[in-house]
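Working notes, beginning with the structure itself.
Every number in this text was worked out from the coordinates using simple rules, so none of it is lab data. It should be emphasised that the depicted structure is a prediction, and the values quoted were computed from it without experimental measurement. Note: ideal-geometry Cβ built from the backbone for every residue, glycine included; neighbour counts use all protein chains shown.
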Amino acid sequence: MVSSKKKTINVFLFSYITINYIFTQQTLGNVIGVDAQNFNATTNGLDFVTVQSSETLEPCILNLGLFVNHAKNSLPLFRSKNQNLKHEDYITGGDLNIGYGIMPNWDLGISAPQVLAQKVESDHYRGEYDSKGLTEFRLNSKVRFFGNRRGGGALIGTANFNQIQNNPFTGINPGPTASLEMALDTTIKRISMGINLGYKWRNPGKPIPNFPVIPFKNQYIYSAAASYHLHSFDTKIITEIYGSTPTKKVESGLTDSQSSLEGLLGIKHDLTHNVALHVGGAKRLTNGVASPDLRVYGGVNIALGPLCKDESDRAKVHKDSNKKGPLKNGSLPEFETITIYNVMFAFDSSLEVLPGSREELKKIARYLNQPPGFKSLSIEGHTDSMGSEEYNQTLSENRAATIRKYFVEVLKVDPSKVTSHGYGESIPIADNGNYQGRQLNRRVEFKIYR
């Protein structure tokens, strides 16, 4: 087997080599660039497709994303007195995304969009790419300032670095473009909803001489999304709307509006616990710049980690007290719940607890025996929604029973005071539609009655 340290090195080498390659492939364009790409998948791969939720990647979790989209009639066309000119274009774009959790409620991301293919059949005076390659790269940082497992709020800052030469929408030698967005989201049962509102500061260069386009000014940016989780199929149905409006219109000579609005409908299927597949389509809702007649897309997100620490065999413990009315002695709650989120068993097994988790179970046993002792202990197993309900129910029962056996036979807890129960996927505490939510739902709860 490859050690976790070697796996980490291999992942970062792959990321470095890939980014280094695409960053050296510069795209040339005569009129368009970053303004011709409205489809930008999120770098952390959580929840939606292009719309940000408030959730951030957990510390040391790495997300690798690769998306391809094919758009019809997204190139800019310039006004002409001849109304009978023919035009049809097809652009295939690709996005390599990397997201990484820095610390609780803070993650970073980098995107590298590029043109993979272009086909234009047109009599129009239009913009098009001179060659394939990188169009820009984007850096983003998200900080969540409030929230819980069901939703919250976050701020996202993004810096765009244009890599296209001769782009009149950005001008000669433009500076970076920066944006700041607020993301708000909530989840009600299986429905998740999110909204993003922000402002984009453009830093244009000088206008290209003798060209009828003035570089675009600052913009308002906005988007909204909703999803429904079909847990029986490990799939989310996602719908989104995203667009932008200039704070000040400039002379562009374009047939399309300088505002854009695009609608998307897609599905996200969780192939495994850490691999999610995306597929869907989008189209223009207004005749705005870079909004296509039709767009189809596909992508994959792969979550890895934690990478910066060897915590793969460590259980994570959360303690909560639940009071059920006044007690006779008035000093302790009627029962406490201790939750372990990462009880590790042998591969594909519910019958052997691995060493790192044993240490946490020993701590719980010691806590049980603190004065004044305990009356009973209920061990309750829970799973995520991956797999069939029947399989998950049996798995949760077996794992709870295994932990009970460990408490009785190894830790010498009185067997008459310990019971085990399995609830399968029936009581989720987080979104089963993403990697991190499923991690939280795979848990064991210990209810201690005093």
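Counting alpha carbon pairs within less than 8 Å and at least 6 residues apart, what relative contact order, in whole percent, applies to region 348-450? Spell out each step's value before the answer.
Values: 161 pairs, mean separation 39.8, N = 103.
Once normalised by length, the contact order is 39 percent.
Spin-label pair Ala178-Thr247: with each label point 7 Å from Cα along the Cα-Cβ axis, the two points sit 1.2 nm from one another. With R₀ set to 41 Å, the beta-carbon distance separating Asn210 from Ile102 gives a calculated FRET efficiency near 0.30. Once you have a ≥ b ≥ c as the square roots of the Cα gyration tensor eigenvalues for region 4-304, tell me rounded if a/c is under 1.5, and otherwise prolate or oblate according to whether a/b is larger than b/c. Taking the square roots of the gyration eigenvalues as a ≥ b ≥ c, region 4-304 is prolate. Using the Cβ-Cβ distance between Lys189 and Leu155 with R0 set to 35 Å, the FRET efficiency works out to roughly 0.80. Can you tell me how region 175-258 classifies by the Cα gyration tensor, rounded, prolate or oblate, using a/c under 1.5 as the rounded cut? It comes out prolate by the Cα gyration axes.
For Thr419 and Cys308, compute 0.36 nm times the residue count separating them, minus their Cα-Cα distance, and round to one decimal in nm. Walk me through the numbers on the way to the answer.
Numbers: separation 111, 0.36 × 111 = 39.96 nm, distance 3.72 nm.
Taking 0.36 nm per residue and subtracting the Cα distance, the gain is 36.2 nm.
Kindly work out what percent of the DSSP beta bridges joining two residues of region 353-450 are antiparallel, to the nearest 5.
Values: 7 of 12 bridges.
About 60 percent, rounded to the nearest 5.
Here's the picture: a label point sits 7 Å out from the Cα of Glu359 along the beta-carbon direction, and within region 82-103 nothing has its amide nitrogen under 12 Å of it. Remark: spin-label model distance Lys217-Ser141 equals 2.9 nm, labels positioned 7 Å along the Cα→Cβ axis. Taking Lys and Arg as +1 and Asp and Glu as -1, the other residues whose beta-carbon sits under 9 Å from that of His87 total -2.
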